[in-house]
Amino acid sequence: MLPKARHEKLLSLLGAEGVLPIREIARRLAVSEATARRDLDALGRAGRLTRIYGGALATGRAGDERPFAAVAVDDLADKAAVAGRAAQLVADGDVLLLDIGTTTLQLAKLLRGREVTVVTSSLAVFDELRDDPAVTLLLLGGRVRRNYQSLVGFLTETSLRQLHVGRLFLGASGVLPDGGVLDSTEVEVPVKRAMLAAAHQVVLLATAGKFPGATGLARVCGPRDIDTLITNDTSDPATLAVFREADVEVLTI
């Protein structure tokens, strides 16, 4: 295959799947990993894709949702710190509901080897825990959103209505100055609201970059729907004060 044709096929693959590792790109194109890496470098220099560690992702149009793998590397230290504090709240035997999101994925990594039950609509969380015999893992049904590795739709919401869990670890794309929790994708909002209804306690995981109102299309809930907020100590003080006024336990790290 000529380089130009190979480049177009590569861009088509990334456009369909959002992100791919080098090994998979090489397999799909029937070339060596060295050739795949040179193709990625050339297309990256031309601004036609974005290189990430170990692979590449499609360069989207303005307003497109970024692929999960791209978001996962943002503010990773802050996410790991928040997840570490969240893991301290978990006791053996707990039944947990993990929302989609890159911070909840970091939490899932810390739950490996723990005698807990995890319910989730996140395929990333599922992949992290699927081979761990200590964790009882329940994957909600629904339509697959490949770009963000999640399950959505009426099947997901119906499954949640049959559940009552001890604690939900909720993610967010942004937090407003009034404490409103935002999500950037409308199809996720009904799922998040169903999760809120299914949980006895709600713990919001939000890194400092989510304050105040970093991104988000729709309001998921307000501060009075949250029991505990875990965030970094650099988060907006005025917004944290709003949560405290709403009797939310605010844990900063």
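Overview of results
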| quantity | calculated |
| --- | --- |
| Condition broken by Glu186, with the remaining ones in (1) surrounded by fewer than 17 Cβ atoms within 10 Å (Cβ to Cβ); (2) modelled with pLDDT under 95; (3) within 20 Å of Leu96 (Cα to Cα) satisfied | (3) |
| Checklist (1) in contact with a Ser or Thr (Cβ under 6 Å, 6 or more places away or on another chain); (2) of a type in the set (A, V, I, L, M, F, W, C); (3) at pLDDT 95 or above applied to Ala72, failing item | (3) |
| Residue within the stretch 136-151 that is buried (at least 22 other Cβ atoms within 10 Å of the Cβ) and of a type in the set (Ser, Thr, Tyr) present | yes |
| In the stretch 105-124, residue surrounded by the fewest Cβ atoms within 10 Å (Cβ to Cβ) [restricted to those that are in contact with a Gly (Cβ under 9 Å, 6 or more places away or on another chain) and closer than 21 Å to Gln162 by Cβ] | Thr117 |
| Residue count, the stretch 167-195 (criterion: among the aliphatic types (A, V, I, L, M) and farther than 21 Å from Leu123 by Cβ) | 4 |
| Considering residues of the stretch 157-183 that are without any contact (Cβ under 8 Å) to a residue 40 or more places away in the chain and within 16 Å of the chain's Cα centre (by Cα) only, the residue surrounded by the fewest Cβ atoms within 10 Å (Cβ to Cβ) | Leu182 |
| Selected residue (only one of Leu140, Leu123, Leu111 is among the aliphatic types (A, V, I, L, M), under 14 Å from Met195 (Cα atoms) and in contact with a Leu (Cβ under 8 Å, 6 or more places away or on another chain)) | Leu140 |
| Residues satisfying the stated conditions in the stretch 212-247, i.e. among the hydrophobic types (A, V, I, L, M, F, W, C) and closer than 11 Å to Val181 by Cβ | Ala218, Val220, Cys221, Ile226, Leu229, Phe243 |
| Check on Phe154, aromatic (Phe, Trp, Tyr), under 18 Å from Asp74 (Cβ atoms) and without any contact (Cβ under 8 Å) to a residue 40 or more places away in the chain | no |
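Residue-wise test of (1) in contact with a helix residue (DSSP H, G or I) (Cβ under 7 Å, 6 or more places away or on another chain); (2) buried (at least 17 other Cβ atoms within 10 Å of the Cβ); (3) modelled with pLDDT under 95.
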| position | (1), (2), (3) |
| --- | --- |
| Gly47 | no, no, yes |
| Ala56 | yes, yes, yes |
| Gly63 | no, no, yes |
| Ala77 | no, no, yes |
| Gly84 | yes, no, no |
| Gly93 | no, no, no |
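The values are calculated or read from the model by the stated rules, or taken from the named source; none is laboratory data. No experiment lies behind these values; they were computed from the predicted model shown. Every residue, glycine among them, receives a Cβ derived from its backbone with ideal geometry; neighbour counts consider all protein chains shown.
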